[in-house]
Number of protein chains: 4
Amino acid sequence: MPRTADANAALREKTRERVLQAAVRLFSRHGFDGTSVRALAEEADIAVGLLYSHFESKEAVLLALMQSSMVDVARTLEDADREPTARGFVTALLTSTVAMLDAHRDLWRLSQGLRHQPEVLARLKLPLEHFLGATHQRLERALAARGLPEAGIEARVLFATVEGLTQQYLQQEGGYPAADVIRAMARKWPGALRKRKADAP
Amino acid sequence: MPRTADANAALREKTRERVLQAAVRLFSRHGFDGTSVRALAEEADIAVGLLYSHFESKEAVLLALMQSSMVDVARTLEDADREPTARGFVTALLTSTVAMLDAHRDLWRLSQGLRHQPEVLARLKLPLEHFLGATHQRLERALAARGLPEAGIEARVLFATVEGLTQQYLQQEGGYPAADVIRAMARKWPGALRKRKADAP
Amino acid sequence: MPRTADANAALREKTRERVLQAAVRLFSRHGFDGTSVRALAEEADIAVGLLYSHFESKEAVLLALMQSSMVDVARTLEDADREPTARGFVTALLTSTVAMLDAHRDLWRLSQGLRHQPEVLARLKLPLEHFLGATHQRLERALAARGLPEAGIEARVLFATVEGLTQQYLQQEGGYPAADVIRAMARKWPGALRKRKADAP
Amino acid sequence: MPRTADANAALREKTRERVLQAAVRLFSRHGFDGTSVRALAEEADIAVGLLYSHFESKEAVLLALMQSSMVDVARTLEDADREPTARGFVTALLTSTVAMLDAHRDLWRLSQGLRHQPEVLARLKLPLEHFLGATHQRLERALAARGLPEAGIEARVLFATVEGLTQQYLQQEGGYPAADVIRAMARKWPGALRKRKADAP
DNA sequence: CATGAATGAGCTTTCATTCAT
DNA sequence: CATGAATGAAAGCTCATTCAT
């Protein structure tokens, strides 16, 4: 047997990773349709044919990318779940989200841009819907566990807040006062553990 | 012959409008790249050549569309400006936004999808940035005028809220409890006119 | 309305015909897979794009060709049907077949070459089978009407004879003694009208 | 070490044979162009590289196949040569042909399909014409030796009959009444040894 | 000897745009 | 003004072949 199986596997993994990195860069800058497979291969510094031995199609590359972006989200939720109060939860969630955006800015620009392109996402639609539903439920449970009434509605409010912050943060090239905005957002949520009217004074 | 000239102008205007309406439908369903000029002409029920006598290129059609979506935003702000309190302002702004999304759902799906594709929007980038900046300023002035401290930061919070709600509302095919969510969002903002800490517990 | 509809139709017909003629030439020489669409368009002296406005695909060009070859066969049968004896029928059928091969040599080389390429013919398979079945029946009826016993089997013999002659005639570039071969073939069939044992010595 | 060398040679021969068998199956089902080298190697259960150590190219595999089909033909002629009368010769030839088609149906479907693609055959440098000429001569000598006048022309008739039967038999998936058709074909040829008019009524 | 990762030319097809009529 | 035939560049993808291991 030639070339150990291990060596081959490592070789393949390296190539695959290079393609994915090239894809984030190009897709996020020029869009999915605006990036040709030829350009993708060039950026990854491989031949087009090789790309197709790793991914079934150009769409499959995108799919792999999007899946990895879903993992990101799950992690931010886990981070936040350690906080005992609603306000702590919100603060942690938003802070963790911004950290994640900093780490994978291109991936998230791409992911947000795709949210409303039905055709491109046809094969991603169901997984995405399921994922959004699950995320909403986790938020609802988290808020309910922290004593918030109308947790279902408040979860939607929080979800919108995360998405809105994401959107604004990605839009700005830099200089977005994320820390201040997060603090202002968080103080709208109850900071104590005891039950109270959602927003009273 | 001024009469004929008038008739011609009206006819041209009608044709142009038909193209734009066809474009919203197709672009929002299949994406910009996923819509061929031939399909566009067919949907507008005119010949391809005629389309090119109204618009310089396919991109020009998109540009025209996006510009009209900016007008929408300006109107929602005007609606809200009549409210005296911050909470009233927020409520009116969000309600008006949802109404606008209902009226031009396709246009907004398209517009949101394009937000993060820098290359496609290259020619729209500057106008867009200027527009976003102006919108932020209008929000800031509105909140400051209603006695909110840190109006600059709070304007960003509000902007994110509007965007987040827009995103969520467009994502859902139907059945989004917009009224409840808006109420929950609004009650996080001060409802009285007197100066106070934003939300202190 | 620009360019009369008639002029357009004529234009299209001329182009379509040019494509078909180019296709017979190239497909018969290099095979279906061996002919690229680019080569096809070049031979027809049009742009590739135009070819696709006349035919849905490369395969559709082939289909159109094959259909026209079936018409040929039907005509040879009609020619032969005027003869009262079996031998006259066979003679006329074979003579007419050779004439047809002379007229459309390339088309028939192509058609024969495709007979056994299942994948290429996938969409042609059913029509072809139906056509072969119908042809066999027409031969059987023709022989039975001319007093031949075992007309079903004899029809198969005749069918094979036609196919074999076609094969041999196409194989040879020229100099095939068609007239002599046809005479020798025909005299194996009964020349009188009265009923008799098919061929008894 | 002659033992090892022998074992190696046997192994190589076995591999080569596996490739050829895989090739008949795939080429006959999907055509030569429709079969990829990768698919070929997979069907033969070897690596692509190994295939290329046995055959210079994909075309070389086809060539080897076609050559083996010519051997088949020679054998049918030898079978028939034992018969003393023309009718016996024809019967044996056709019977032997059908037996051969049963044994190597896929190979013959492939071979017949290639008969009319001049460019492909040219590239293969198959001595097809020479082979056909030699076959014709053997038929002519066989018929002449059995007292048939115009043996040259009759040989062409017989050749066409064999080809026609081959064609029809391969076309039908099953249920072709080969025995009956062969009997009907054979009785058109003289069954006695003495000289006589071929078929006079 | 045997493997399969890697290459890149070439395939079919689409589509924005032009222009003769 | 209005048409749609015509163009040809460029897209996504396949595949025969090579070669480091």
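Summary of values
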quantity	calculated
A/B buried area, accessible surface, summed, 1.4 Å probe, Å²	4200 Å²
Among A:88, A:175, A:31: highest mean-square fluctuation, GNM of chain A, C-alpha pairs under 10 Å	A:175
Rounded to 10°, Cα long-axis angle of helix A:151-171 versus longest principal axis of chain A	50 degrees
Ascending list, in nanometres, of distances separating the residue B:141 label from those of the other copies (7 Å, Cα toward Cβ)	4.8, 9.1, 10.9
Pseudo-label separations to other copies for residue D:53 - Cα-to-Cβ vector, 7 Å, nm	1.8, 5.5, 7.0
Highest-MSF residue in chain C out of C:184, C:86, C:44 [GNM, Cα springs under 10 Å]	C:184
Average accessible area per residue (Å²) across chain B - probe 1.4 Å, nucleic acids and ligands excluded	48 Å²
Mean Cα-pair separation over length for the stretch B:1-55, i.e. relative contact order, pairs under 8 Å, 6 or more apart, %	30 percent
Mean shadow area of the stretch B:58-191, taken as a quarter of the surface of its Cα convex hull (nm²)	8.0 nm²
Test item: Cα-centred dipole of the protein assembly as shown, Lys/Arg +1 and Asp/Glu -1 on Cβ, debye	1000 debye
Residues residue B:43 and residue A:99, FRET efficiency given R0 of 45 Å [Cβ-Cβ distance, rounded to 0.05]	0.50
Dipole axis of the stretch C:58-191 (+1 Lys, Arg; -1 Asp, Glu on Cβ), positive-most option in C:99, C:151, C:112	C:151
Dipole in debye (nearest 20) - the stretch A:1-81, about Cα centre, beta carbon charges: Lys, Arg +1; Asp, Glu -1	400 debye
Helix D:2-30 vs. chain D, principal-axis angle (Cα, 0 to 90°, nearest 10)	60 degrees
Listed residue (A:41, A:84, A:53) projecting farthest to the positive dipole end of the stretch A:17-157, Cβ model	A:84
Cβ nearest the rotation axis (A onto C), residue from chain A and distance to the nearest whole Å	A:38, 9
Whole-Hz ³J(HN,Hα) from phi, Karplus 6.51 cos²θ - 1.76 cosθ + 1.60, for the stretch B:123-139, glycine and proline x	6, 9, 4, 4, x, 5, 4, 4, 5, 4, x, 4, 4, 4, 4, 5, 5
Convex hull (Cα only) mean projected area of the stretch A:1-55, reported in nm² to one decimal	3.8 nm²
P(r), alpha carbons of the stretch C:42-107 - 10 Å bins starting at zero, rounded %	19, 34, 23, 15, 8, 1
Highest-MSF residue in chain C out of C:126, C:139, C:51 [GNM, Cα springs under 10 Å]	C:126
Alpha-carbon centroids, the stretch A:79-113 and the stretch A:120-196: separation in whole Å	9 Å
Folded to 0 to 90 degrees: helix D:86-103 orientation relative to chain D principal axis, Cα	20 degrees
Other protein chain Cβ atoms within 10 Å, averaged over every residue that makes up C:181-189	6
Ellipticity estimate at 222 nm from DSSP helix runs (n ≥ 4, -39,500 (n - 2.57)) divided over chain A, nearest 500	-24000 deg cm²/dmol
For residue D:82, label point 7 Å along C-beta direction: distances to other copies, nm	5.1, 9.2, 11.0
Accessible carbon and sulfur surface of chain A relative to its total accessible area, %, 1.4 Å	54 percent
Cβ-based net charge around residue D:45, under 12 Å, with every Lys or Arg adding one and every Asp or Glu removing one	0
Exercise: per-residue mean of other protein chain Cβ atoms within 10 Å, A:150-163	6
Inter-chain Cβ neighbour average for residues C:170-176, partner chain, 10 Å	2
Kirkwood Rh in Å, taken over the protein assembly as shown so that all alpha-carbon pairs contribute	33.9 Å
Mean Cα-pair separation over length for the stretch D:1-150, i.e. relative contact order, pairs under 8 Å, 6 or more apart, %	22 percent
Summed side-chain charge close to residue D:92 - residues other than residue D:92 whose Cβ falls under 11 Å, Lys, Arg +1, Asp, Glu -1	-2
Estimated dipole of chain D in Debye, rounded to 20 [Cβ of Lys and Arg +1, of Asp and Glu -1, Cα centre]	620 debye
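The values are calculated or read from the model by the stated rules, or taken from the named source; none is laboratory data. Just so it is clear, the structure is predicted and the values come from calculations on it, not from any experiment. A quick note on method: Cβ atoms are made from the backbone with ideal geometry, for glycine too, and the neighbour counts reach across all protein chains shown. Only protein heavy atoms, including side chains, enter the accessible area calculation; ligands, DNA and RNA are left aside. Shrake-Rupley method; radii C 1.70, N 1.55, O 1.52, S 1.80 Å.
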